[in-house]
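Colleague: Below is the structure I would like to discuss, written out as structure tokens.
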């Protein structure tokens with residue numbers, strides 16, 4: 001975050017989220033559903049670019065109202081980056097993380113407290 005000509009290089013400590021913190025984003029153009037799990041506490045966007053191949057649509061959040069619905073296993077995860085990744089982010093991305101925002105990545109492992 002830029003303030004008085006300096007870039008903030010501190011990020012909030014990663015705090016594990018509840019292991020069942022699932023959400024889904026549905027694309028309004030193609031209907032593709034992005035199933036995500038939060039592995040850390042933080043903020044996620046209500047809209048994001050569709051992840052379906054060849055789709056340029058926008059997917060909108062179900063706002064965590066997914067209890068009792070079967071969307072399958074999450075393929076994406078929201079996380080707080082480690083410092084080495086954080087310093088290589090763009091200024092807007094660093095601002096987002098500095099303010100408590102999470103980043104999205106393909107799910108690479110089963111949930112474990114980081």
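Colleague: I'd like the FRET efficiency for residue 32 and residue 10, computed as 1/(1 + (r/R0)^6) with the beta carbon distance as r and R0 of 41 Å, rounded to 0.05.
Modeller: 0.70
Colleague: Give me the one-decimal nm value for the distance between modelled label points at residue 85 and residue 63, 7 Å along each residue's Cα-to-Cβ direction.
Modeller: 2.8 nm
Colleague: Just the ratio, please: alpha-carbon radius of gyration of the chain over 2.2 N^0.38 Å, N its number of residues.
Modeller: 1.13
Colleague: Follow-up question, since we're still on this one. For the chain, what is the calculated [θ] at 222 nm in deg cm²/dmol (nearest 500), taking -39500 (n - 2.57) for each run of four or more DSSP H residues and dividing by its residue count?
Modeller: Computed ellipticity for the chain at 222 nm equals -2500 deg cm²/dmol.
Colleague: May I ask you to derive the relative contact order of the stretch 58-105, considering only C-alpha pairs under 8 Å and at least 6 residues apart, and to give it as an integer percent?
Modeller: That works out to 44 percent.
Colleague: Suppose the chain between residue 18 and residue 105 were pulled fully straight at 0.36 nm per residue; how much longer would it get relative to their current alpha carbon spacing?
Modeller: The residue 18-residue 105 span can extend by a further 29.5 nm.
Colleague: Now a separate question. Do you know the relative contact order of the stretch 15-106, to the nearest whole percent, from alpha carbon pairs under 8 angstrom that are 6+ apart?
Modeller: RCO, the stretch 15-106: 30 percent.
Read-outs: derived from the displayed coordinates by stated rules, not from any lab. Predicted, not measured: the structure shown is a model, and the values here were computed from it. Cβ sites come from the backbone with ideal geometry, for glycine too, and all protein chains shown count toward neighbours.
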